[in-house]
Ligand code: SF4
């Protein structure tokens, strides 16, 4: 991993407007929004695995889809450093800066070059692969769209190489199979091969192991680590499972109701969680060693996650937080550094 920044996300927001009352439709009262992502900032280095962790509905998948350019953001910047391959296309269209804001709209050619750079692996390999297509066709489709490979033979070579990279060997045995003829782990390997075949610099992996058997998870995580090492690819890895995150990620950002509440190097966050919500997530991780079960004091987190339509004022975690103070109900804490490589947004640390 190098210290070269490949992705800089600045104050990213994604709001969805709700179809409201007649007054709202007529523009006589303000519209209501679901604030799925509500102003988050983070950076990803070249070759780094950056994890977004949190419960369902915290905005992590929406963030991933916005980065992969599957959703348009409401506001904010996503600065991406293109590879040499994409730079050629971008320069032809007069984009010569070191970073390009991928949150903006571009011409079809530029858009295509950027899509090739950032690929996504989805959670469910059962629905992300077309059941009517053979594996060879699933992997050939992106090559045809991006005009890679002069003819069928050359594309077949690339497909075989991609299957070998994800350890589906001998590749010839998999080429003419349909997705239903593969196990869950093999399907997720095909999904990873489909992402790899275009030679991306960044992969957004949305819960890539959560639908797999426990025995297969470790193999897929190991495969992703090996690919990172051999190709120096960066990942934005999305998971609800802190145990998975602590095994694979270099940096972790914990999200709650559309905001990052704690962020830092994995070892710092896992060994010394600061935000009460992160502490509660850590307690939910099964710990086989009874001595370590006492490592974190049990926190009494109340209730359910509030709706993203009615976000509580002040600290959005205050209705559930056992340490909530008056200031927490009035003012939202900023994400501040408590030490190098570890930041938190909580009034308990703002006062120190
Ligand atoms: Fe709890 Fe207040 Fe910290 Fe929010 S700011 S997590 S309510 S102590």
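Bear in mind that the values in this text are calculations on the coordinates, not laboratory data. Just so we're clear, the structure is a prediction, and the values are computed from it rather than from any experiment. Virtual Cβ from ideal backbone geometry, glycine too; neighbours counted across all protein chains shown.
Below are the figures for this structure:
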quantity: Principal-axis tilt of helix 135-145 within the chain, Cα atoms, nearest 10 degrees; calculated: 90
quantity: Residue 331/residue 111 FRET efficiency (R0 35 Å; Cβ-Cβ; nearest 0.05); calculated: 0.30
quantity: Theoretical FRET efficiency, 1/(1+(r/R0)^6), r = Cβ-Cβ of residue 98 and residue 75, R0 30 Å, to 0.05; calculated: 0.85
quantity: Highest to lowest packing among 59-72, 335-348, scored as the average C-beta count within 10 Å; calculated: 59-72, 335-348
quantity: Degrees separating the helix 184-196 axis from the principal Cα axis of the chain, which is the longest one; calculated: 80
quantity: Relative packing of peptides 135-145, 256-266, 184-194, 102-112 - highest average C-beta neighbours within 10 Å first; calculated: 256-266, 184-194, 135-145, 102-112
quantity: 0 to 90° range, to nearest 10: angle between helix 108-117 axis and the chain longest Cα axis; calculated: 80
quantity: Value of relative contact order over the chain, rounded to a whole percent, pairs C-alpha under 8 Å and six or more apart; calculated: 19
quantity: Length gained when the stretch residue 307-residue 178 is fully extended (0.36 nm per residue, less Cα-Cα span); calculated: 42.4 nm
quantity: Square roots of five times the Cα gyration tensor eigenvalues for the chain, Å; calculated: 36, 25, 20
quantity: Average Cα contact separation per residue, the range 1-130, under 8 Å, 6 or more apart, as relative contact order %; calculated: 26
quantity: Label point 7 Å beyond Cα of residue 339 along Cβ direction - residues of the range 38-56 with amide nitrogen under 15 Å; calculated: none
quantity: Extended-chain gain in nm, criterion 0.36 nm per residue less alpha-carbon gap, residue 141 and residue 157; calculated: 4.4 nm
quantity: Relative contact order, percent, the range 300-341 [alpha-carbon distance under 8 Å, six or more residues apart]; calculated: 37
quantity: Burial order of peptide ranges 244-251, 164-171 (average beta-carbon count within 10 Å, highest first); calculated: 244-251, 164-171
